[in-house]
Structures are given as C-alpha cells and as structure tokens.
1. Among the listed residues LEU165, LEU156, identify the single one that is under 17 Å from SER190 (Cβ atoms) and part of a loop (DSSP other than H, G, I, E, B).
2. I'd like to know if segment 12-32 contains one or more residues that are part of a strand (DSSP E or B), modelled with pLDDT of 95 or more, touching a Phe, Trp or Tyr at 6+ places or on another chain (Cβ under 7 Å) and surrounded by 14 or more Cβ atoms within 10 Å (Cβ to Cβ).
3. When you check ILE68 against the structure, is it within 19 Å of HIS203 (Cβ to Cβ) and in contact with a strand residue (DSSP E or B) (Cβ under 9 Å, 6 or more places away or on another chain), yes or no?
4. Among the residues that make up segment 77-93, is at least one of them on the phi > 0 side of the Ramachandran plot and in contact with an Asp or Glu (Cβ under 8 Å, 6 or more places away or on another chain)?
5. Any idea how many residues of segment 114-126 are in a helix (DSSP H, G or I) and either among the basic types (Lys, Arg) or in contact (Cβ under 8 Å) with a residue 40 or more places away in the chain (or both)?
6. Filter segment 1-11 down to residues that are part of a strand (DSSP E or B) and surrounded by fewer than 20 Cβ atoms within 10 Å (Cβ to Cβ) and give me whichever is modelled with the lowest pLDDT.
7. Which condition from (1) of a type in the set (D, E, K, R); (2) surrounded by fewer than 20 Cβ atoms within 10 Å (Cβ to Cβ); (3) in contact with a strand residue (DSSP E or B) (Cβ under 9 Å, 6 or more places away or on another chain) is the one that LYS170 breaks?
8. Restricting the search to segment 33-53, which residues are surrounded by fewer than 17 Cβ atoms within 10 Å (Cβ to Cβ) and among the aliphatic types (A, V, I, L, M)?
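The values are calculated or read from the model by the stated rules, or taken from the named source; none is laboratory data. Because the structure is predicted, anything quoted here is derived from the model rather than measured. Ideal geometry is used to build each Cβ from the backbone, glycine not excepted, and the neighbour counts take in all protein chains shown.
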Amino acid sequence: MAAILELQEVGYRVEDNQILQGISLSVETEDYLTITGPSGGGKSTLLRVLSSLLTATEGKILFKGQNISKKDPIEYRRQVSYCFQQPTLFGRTVADNLDFPFQIRNEEINVAKQQAALQYVGLPEAYLSKKITELSGGEKQRVAMIRNIMFLPDVLLLDEVTAGLDEENKDIVHNLIEHFHKDHHVTILSVTHDATEIQKANHLITISKGRLEVAQ
C-alpha cells in the first residue's frame, strides 16, 4: 500500500537545541503506528511537525507525495488532524465545539450527526447544551476527539490522549480510535507511555533523544 506520509531526514531545531534529527519514516495508508520513548525525547514535537503546527527546520515531509510546505495549512490540517494530550475546548457549551467543524467549512450544522457522535462515545444527546466547565476530564477528551472527526481526516495524530483517564474512559477512547481505524480506514499515529497500548501495538517505533531508535 502506498505511503500517505513520508519523512525524509526530518529535523527540528530551536537555536542551539536540536530536538529532532534525521527522522526518516514511511507511514502507509491505513497504518496504525504507535510511538513511544522517554519523556522529552521528541515524540510530541514530531507530531506537531507532522501536523504543521511546527515547521521542520531540516528535511521534508510528503503527504500523498506532495511536500506539506507547498500545501495550504488549513486544508492540510483538515486532512491530518491533531489531538492534544490535554483537551482544549472553547466557547461555553459542547455545541459550541461541535458546531465549529461545520462553521469553518461554511456548511449547515448537522445536529443529528453531532448527537450520533455523542452517543457513540457514551454521552447523551442533551450534552450538546452542557457547559464545558461541567465536564469531567474524560468527557472533555471525548468531546475534543469527536470534534476532530466530525469530518473524518485521512490521518489522526494522537498525543497521549488517554493519559490521566480512568480505565472506563480509556476503553471508550480506545474503542473510538479502533472504530476510526478499522471502519473508516483512518491512518493513526499515536504517542503513548501506556504499557497496555505499547504491548498491543501492531507497528511500534521508539523516539529517543530526537532520533528514531527502533521500528518494528
């Protein structure tokens, strides 16, 4: 299967601090890649570079064969979506967040689609009007994730999205990710320290001291 993302000697430097160096990696379409390694090793930086939130200072990244530096950043981020470790919600209510993907595309808000997404992650339809300040940490993460996939991306970048969640919420998030991957063929790159997630990984890479150490 063809590579959807290809990294060619990618590096990222801030002044004299070399955070990533010489990362070369091919990610196939529909792959599920688990990324692990010690804290501060560059894993989250790699995801931010892949999402174009940061710009690589060395090498290049190809998305479907095209250098991402040549692509419109907004359009690219619709196709390659990044989920933060700490969910960032805005506005006052859940609806404010789930309306946003429709608004930026100038599309009519589909309430039925929003309600179905909430139900899929175990939240009632009535949560559309719930204030975000009243949500638990696990509920915030679930809302943030379905906001990211209200329009399915080609690639989903997950930065320790289960960190700090209890087992029930972890299971809900894991099932949601598997649903994206298996049923909708979304390519997944997931940074994790979770031993269970690492043990279950089909395709595991290790990033340490800014370098790709292990790929299996």
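1. Values: LEU156 fails: part of a loop (DSSP other than H, G, I, E, B).
After applying the criteria, what remains is LEU165.
2. Within segment 12-32, one or more residues are part of a strand (DSSP E or B), modelled with pLDDT of 95 or more, touching a Phe, Trp or Tyr at 6+ places or on another chain (Cβ under 7 Å) and surrounded by 14 or more Cβ atoms within 10 Å (Cβ to Cβ).
3. Values: within 19 Å of HIS203 (Cβ to Cβ): no; in contact with a strand residue (DSSP E or B) (Cβ under 9 Å, 6 or more places away or on another chain): yes.
The answer is no for ILE68.
4. The answer is no, given that none of the residues of segment 77-93 is on the phi > 0 side of the Ramachandran plot and in contact with an Asp or Glu (Cβ under 8 Å, 6 or more places away or on another chain).
5. Our first condition is that a residue be in a helix (DSSP H, G or I); within segment 114-126, this holds for 114-120, 125-126.
Right, trim to either among the basic types (Lys, Arg) or in contact (Cβ under 8 Å) with a residue 40 or more places away in the chain (or both) and you get 120.
Within segment 114-126, residues that are in a helix (DSSP H, G or I) and either among the basic types (Lys, Arg) or in contact (Cβ under 8 Å) with a residue 40 or more places away in the chain (or both) number 1.
6. Initial filter on segment 1-11 (part of a strand (DSSP E or B)): 3-11.
Now narrow it down to the ones that are surrounded by fewer than 20 Cβ atoms within 10 Å (Cβ to Cβ): 3, 6, 8-9, 11.
Numbers: ALA3: 92, GLU6: 97, GLN8: 96, GLU9: 97, GLY11: 97.
Here the answer is ALA3.
7. (3)
8. Answer for segment 33-53, where residues must be surrounded by fewer than 17 Cβ atoms within 10 Å (Cβ to Cβ) and among the aliphatic types (A, V, I, L, M): just LEU53.
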